[in-house]
Amino acid sequence: MPQSDHSNHSFPSIAIVGATGAVGREMLSVIEQRRFPCRELRLLASSRSAGTTIEYRGQPLTVGELTDDSFDGIDLALFSAGGSVSKQYAPIAVARGATVIDNSSAFRMNDDVPLIVPEINDDVLEDFDFPDKAGIIANPNCSTIIALMAVTPLYDAVGIERMVISTYQAVSGAGAAWMAELEQQARDFAIGQPLTSEVTGRQCLFNVFNHNSPIGEDGYNTEETKMVKETHKIWGDDTVAISATCVRVPVLRAHCESINLTFRKALYEDEAREILASAPGVRVVDDRAGNKFPEPIDASSIDEVLVGRIRADYSQPDGMGLNLFVAGDQLRKGAALNAVQIAEKLMERQAATV
Ligand code: A2P
């Protein structure tokens, strides 16, 4: 199929807002790899990168500057340029008739905005009339998506009373500039130069530090708060007690999370392993003899979330608690892939109603 097929008018025209960023570029490669059909692909970013090109299916596509007129003729706009850009431009895109899939946190908690992980709650999209009625769909926070991919199959099986999560988050979640600076710090270290920290504000290399989101008066950073609120919204269940601690580690693009669960009914580790082995989008990596468990290196650039270290929590009554360790690509399932999967669900629903 050509890079954009103008002859097929049933295919959507797509805009990527933030196309030069870490997630935007990943969206482009996911669209290419999954052969997502499109009539036109419009790459948008700030005036800083307008006129630059990005390769797509072997051809250079020129990046345009995001303006109020960027969405004319666009059916589907994938946003990943930060919350303030989404707040300003997503309503404009919708007013021009586009459906927005937004990767920022700007609209996630709005009652009228579906918050979707396709493997978990794509049924919520049933009320969403694409392409006839434009609107906004939110992509959840990356750490939330990665945790829920592994935990939801267990939640569905026995119910969860309490979930305690500690993250080990890659720098990709803070954007392309953070990734570039971590790489630069590694290069500078290797040649004995002082490390630059103009973007990240600190030494990331060989360090672990609190997540770079604002800290509220209660001491929680907003990444932690998002994990609680978004999980409740995605599950449609705010009775689950959730506590999160989110930190960054010097890893480029895959998050790890240690997850401690308290169940509503007993679930033993063998049953949990079996449930997870057949869960969509999840791969069990749990080799005790070989000391091989989920690692960010192995989770990078793949679609599945890896889950392992599945073991009883002996501090809880028999069968009532488990520990898990997960690793998932922040740029892929945590952001770009999930957004494109939402778009695929919209297309499937559209095809089913024609
Ligand atoms: P640009 O490259 O022109 O700055 P990341 O999350 O990796 O930092 O990427 C952020 C993305 O959002 C980039 O594509 C960036 O474009 C884009 N962006 C940031 N601010 C704006 C803006 N005001 N208008 C349009 N795009 C923006």
Problem set entry | Structure-based [θ]222 nm, the chain - -39500 (n - 2.57) summed over DSSP H runs of at least 4, per residue, nearest 500 | -9000 deg cm²/dmol
Seminar exercise, completed: The ³J(HN,Hα) series, computed from each phi in the stretch 86-93 with the Karplus coefficients 6.51, -1.76 and 1.60 at θ = phi - 60°, rounded to the nearest Hz and given as x for glycine or proline, is 4, 4, 6, 9, 4, x, 5, 4
Problem set entry | Efficiency of FRET between GLU295 and LYS265 - r from beta-carbon atoms, R0 35 angstrom, step 0.05 | 0.65
Seminar exercise, completed: Checked against the positive end of the charge dipole of the chain (+1 on Cβ of Lys and Arg, -1 on Cβ of Asp and Glu, about the Cα centre), the farthest of ILE191, THR231, LEU331 is ILE191
Seminar exercise, completed: For the stretch 308-325, in residue order, the Karplus 3J(HN,Hα) values (coefficients 6.51, -1.76, 1.60; θ = phi - 60°; whole Hz; Gly and Pro = x) are x, 6, 6, 7, 4, 9, 6, 7, 10, x, 3, x, 8, x, 9, 10, 9, 10
Exercise. Between ASP287 and ASP127, what length comes free when the chain is fully extended (0.36 nm per residue of separation minus the Cα-Cα distance, one decimal in nm)?
Worked result: 53.3 nm
Seminar exercise, completed: So the angle from the long Cα axis of helix 176-190 to the longest Cα principal axis of the chain, reported in degrees to the nearest 10, equals 60 degrees
Exercise. Once the piece of chain linking THR353 and PHE189 is laid out straight, how much longer is it, given 0.36 nm per residue of separation minus the C-alpha distance between them?
Worked result: 53.3 nm
For this session: Could you tell me what percent of the accessible area of the stretch 143-330 is made up of carbon and sulfur, with a 1.4 Å probe and every protein chain present?
Result: 52 percent
Exercise. What is the sum of charges around GLU32, taking Lys and Arg as +1, Asp and Glu as -1, for the other residues whose C-beta is under 10 Å from the C-beta of GLU32?
Worked result: +2
For this session: Quick one: which residues, 5 or more positions from SER105 or on another chain, have an amide H under 5 Å from its amide H? H modelled 1.01 Å from N in the peptide plane, none for Pro or chain starts.
Result: GLY83
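Please give me the summed charge of the neighbours of PRO280: other residues whose Cβ is under 14 Å from its Cβ, Lys and Arg +1, Asp and Glu -1.
Working: positive: ARG283, LYS333, LYS345; negative: GLU119, ASP122, ASP156, ASP303, GLU304, GLU344.
Once all neighbours under 14 Å are counted, the net charge is -3.
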Seminar exercise, completed: Of the candidates TYR168, ASN110, LEU148, the farthest towards the positive dipole end of the stretch 108-168 (Lys/Arg Cβ +1, Asp/Glu Cβ -1, centred on the Cα centre) is TYR168
Exercise. Residue by residue through the stretch 96-106, which ³J(HN,Hα) values in whole Hz follow from phi under the Karplus form 6.51 cos²θ - 1.76 cosθ + 1.60 (θ = phi - 60°), with glycine and proline marked x?
Worked result: 8, x, 8, 8, 9, 10, 10, 8, 8, 8, 4
Exercise. Over the stretch 122-277, what is the mean sequence separation of C-alpha contacts under 8 Å (at least six apart), divided by residue count, expressed as relative contact order in percent?
Worked result: 40 percent
Exercise. Which whole-number percent is the relative contact order of the stretch 144-228 (Cα, under 8 Å, 6+ apart)?
Worked result: 19 percent
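Under a 1.4 Å probe, what is the accessible area of the stretch 143-330 per residue, stated in Å²?
Values: 8510 Å² over 188 residues.
With all protein chains present, the stretch 143-330 gives 45 Å² per residue.
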Exercise. How would you order 177-186, 220-229, 55-64, 75-84 from highest to lowest mean count of nearby Cβ atoms within 10 Å?
Worked result: 75-84, 220-229, 177-186, 55-64
Exercise. How would VAL247, VAL326 line up by accessible area, probe 1.4 Å, largest first?
Worked result: VAL247, VAL326
Exercise. So how far apart, in nm, are the two label points at SER197 and THR53 if each is 7 Å from Cα heading toward Cβ?
Worked result: 4.0 nm
Exercise. How many nm is it between the label spots at ALA95 and HIS232, if each spot is 7 Å from the Cα in line with the beta carbon?
Worked result: 3.3 nm
For this session: Of the DSSP beta bridges with both residues in the chain, give the percent that are antiparallel, rounding to the nearest 5.
Result: 50 percent
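Using a/c under 1.5 as the rounded threshold, could you call the stretch 143-330 rounded, prolate or oblate? The axes a ≥ b ≥ c are square roots of the C-alpha gyration tensor eigenvalues, and prolate needs a/b larger than b/c, oblate otherwise. Walk me through the numbers on the way to the answer.
Values: a/c = 2.35, a/b = 1.61, b/c = 1.46.
Note, shape of the stretch 143-330 comes out prolate.
For the chain, how big is the tail of P(r) above 28 Å, as a whole percent of Cα pairs?
Working: 27536 of 62481 pairs.
Percent of Cα pairs beyond 28 Å in the chain: 44.
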Exercise. Using unit Cβ charges (K, R positive; D, E negative) and no other charged atoms, how large, in debye to the nearest 20, is the dipole of the chain about its Cα centre?
Worked result: 660 debye
Exercise. ILE92 accessible area, nearest 10 Å², 1.4 Å probe?
Worked result: 40 Å²
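Placing unit charges on C-beta atoms (Lys and Arg positive, Asp and Glu negative, everything else neutral), compute the dipole magnitude of the stretch 1-142 about its Cα centre in debye, rounded to 20.
Values: 11 positive and 20 negative charges, 121 e Å.
With Lys and Arg at +1 and Asp and Glu at -1, about 580 debye.
Tell me, what % of the accessible area of the stretch 1-109 is carbon and sulfur with a 1.4 angstrom probe?
Numbers: 2100 of 4560 Å².
It is 46 percent, rounded to a whole number.
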Exercise. Put a dot 7 Å past each Cα toward the Cβ at GLU217 and ALA180; how far apart are the dots in nm?
Worked result: 3.9 nm
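The values are calculated or read from the model by the stated rules, or taken from the named source; none is laboratory data. Since we're looking at a predicted model, the values are computed, not measured. Neighbour counts run over all protein chains shown; Cβ positions are idealised from the backbone, glycine included. Only protein heavy atoms, including side chains, enter the accessible area calculation; ligands, DNA and RNA are left aside. Shrake-Rupley method; radii C 1.70, N 1.55, O 1.52, S 1.80 Å.
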